1. Would you please name the residue that is surrounded by the most Cβ atoms within 10 Å (Cβ to Cβ), looking only at residues in region 28-42 that are among the aliphatic types (A, V, I, L, M) and touching a helix residue (DSSP H, G or I) at 6+ places or on another chain (Cβ under 6 Å)?
2. Among the residues of region 20-27, are any open to solvent by less than 60 Å² (accessible area, probe 1.4 Å) and within 18 Å of Thr81 (Cα to Cα)?
3. May I ask you to verify whether Met132 is aliphatic (A, V, I, L, M), under 14 Å from the mean Cα position of the chain (by Cα) and either open to solvent by less than 60 Å² (accessible area, probe 1.4 Å) or at negative phi (or both)?
4. How many residues does region 55-75 hold that are surrounded by fewer than 18 Cβ atoms within 10 Å (Cβ to Cβ) and modelled with pLDDT of 95 or more?
5. Of everything in region 106-140, what is farther than 23 Å from Phe60 by Cβ, among the small types (Gly, Ala, Ser) and either in a helix (DSSP H, G or I) or at pLDDT 95 or above (or both)? Give them in sequence order.
6. Give the residues of region 135-152 that are open to solvent by less than 40 Å² (accessible area, probe 1.4 Å) and over 22 Å from Phe87 (Cβ atoms), sorted by residue number.
7. Of the residues Gln113, Gln78, Gln85, Gln119, which is on the phi > 0 side of the Ramachandran plot and not hydrophobic (A, V, I, L, M, F, W, C)?
8. Here are Phe58, Phe96: which of them is outside any helix (DSSP H, G or I) and either under 23 Å from Leu150 (Cα atoms) or free of Cβ contacts under 8 Å to residues at least 12 places away in the same chain (or both)?
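The values are calculated or read from the model by the stated rules, or taken from the named source; none is laboratory data. The model shown is predicted, which means the values in this text are computed figures rather than measured ones. Every residue, glycine among them, receives a Cβ derived from its backbone with ideal geometry; neighbour counts consider all protein chains shown. To get the accessible areas, we keep the full protein, side chains included, count just its heavy atoms, and leave off ligands, DNA and RNA. Shrake-Rupley method; radii C 1.70, N 1.55, O 1.52, S 1.80 Å.
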Amino acid sequence: MGDVQQWYDSVPVITRHYLTGCVVLTIAGNVGMISPMQLILTMAGLYRFEVWRLLTCFMFMGKLGFPFLLNMIYFYRQSSTLESQTFERRTSDYLFMILFGALLLLPIGLYFQFYLLGQGIMLMVTYYWSRMNPNVMISFFGIPFKGRYLPWVLVALNFLMGGMPIVQVRKESSL
C-alpha cells in the first residue's frame, strides 16, 4: 500500500487532482452513488443555480470501460509530462492553460448541448503535448510512431472502436 501512496504523491499536483476527480466522479456516477444527470452540463441545471455542473461536466467521463481506462492512462502520461517538464516550476501557468481551455469549452458545450466536456480537456492536453514533443517515439499496442501523430492515432482508435470522430467530444450525450 505504501508503494501506491508513494506513486500517488509523486504525480504532479494538477494532474493528480484532475485524475482523482475524474475517477471518483465517474465511478460514483456508474455505481449509483450520484445520479449522472446531476453531473452533466445543462442550461436548465444552471438556471436552477446548480453551479457544480460547471466543474463536474469536465470530470464525469460517462460509462466505465476500456475507453475510460485508455483516456485516464494517456491523460496521466501527457499531463504529468507537461506539468513536470514543459511547465516545470510553473504550475500556475499549467492550471491557467487548463482553466482557459475549460472556459472556451463551456459556451461551446452549452450551445451545442455537449453534456460532458472532459474529453475536450483531455484532447486539448494531448494535442498540446504532441506539439511540444513532436519527435518523441510512442508505442501504441506495439506500433511505434512519433508524438506529433498521437491525436490522429487516438481519433483512429476511437473510429475503430465504433465511434465517430466528431462524436468523440459528444459521445455521452445519450445518458
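1. If we filter region 28-42 for residues that are among the aliphatic types (A, V, I, L, M), which is where we start, we get 28, 31, 33-34, 37, 39-41.
From what is left, the residues that are touching a helix residue (DSSP H, G or I) at 6+ places or on another chain (Cβ under 6 Å) are 34, 39, 41.
Values: Ile34: 16, Leu39: 26, Leu41: 23.
Checking each candidate, the answer is Leu39.
2. To start, the set of residues in region 20-27 that are open to solvent by less than 60 Å² (accessible area, probe 1.4 Å) comprises 20-23, 25-26.
Narrowing further to those that are within 18 Å of Thr81 (Cα to Cα): 20.
Yes: one or more hits.
3. Values: aliphatic (A, V, I, L, M): yes; under 14 Å from the mean Cα position of the chain (by Cα): no; either open to solvent by less than 60 Å² (accessible area, probe 1.4 Å) or at negative phi (or both): yes.
Considered against the rule, which asks whether it is aliphatic (A, V, I, L, M), under 14 Å from the mean Cα position of the chain (by Cα) and either open to solvent by less than 60 Å² (accessible area, probe 1.4 Å) or at negative phi (or both), Met132 comes out as no.
4. 1
5. Result: Ser130, single match.
6. Going residue by residue through region 135-152, those that are open to solvent by less than 40 Å² (accessible area, probe 1.4 Å) are 138, 140, 145, 147, 150-151.
Passing the criteria: Phe140, Phe145.
7. Details: Gln78 fails: on the phi > 0 side of the Ramachandran plot; Gln85 fails: on the phi > 0 side of the Ramachandran plot; Gln119 fails: on the phi > 0 side of the Ramachandran plot.
Being on the phi > 0 side of the Ramachandran plot and not hydrophobic (A, V, I, L, M, F, W, C) holds for just one of Gln113, Gln78, Gln85, Gln119, which is Gln113.
8. Values: Phe96 fails: outside any helix (DSSP H, G or I).
Only one candidate passes the filter, namely Phe58.
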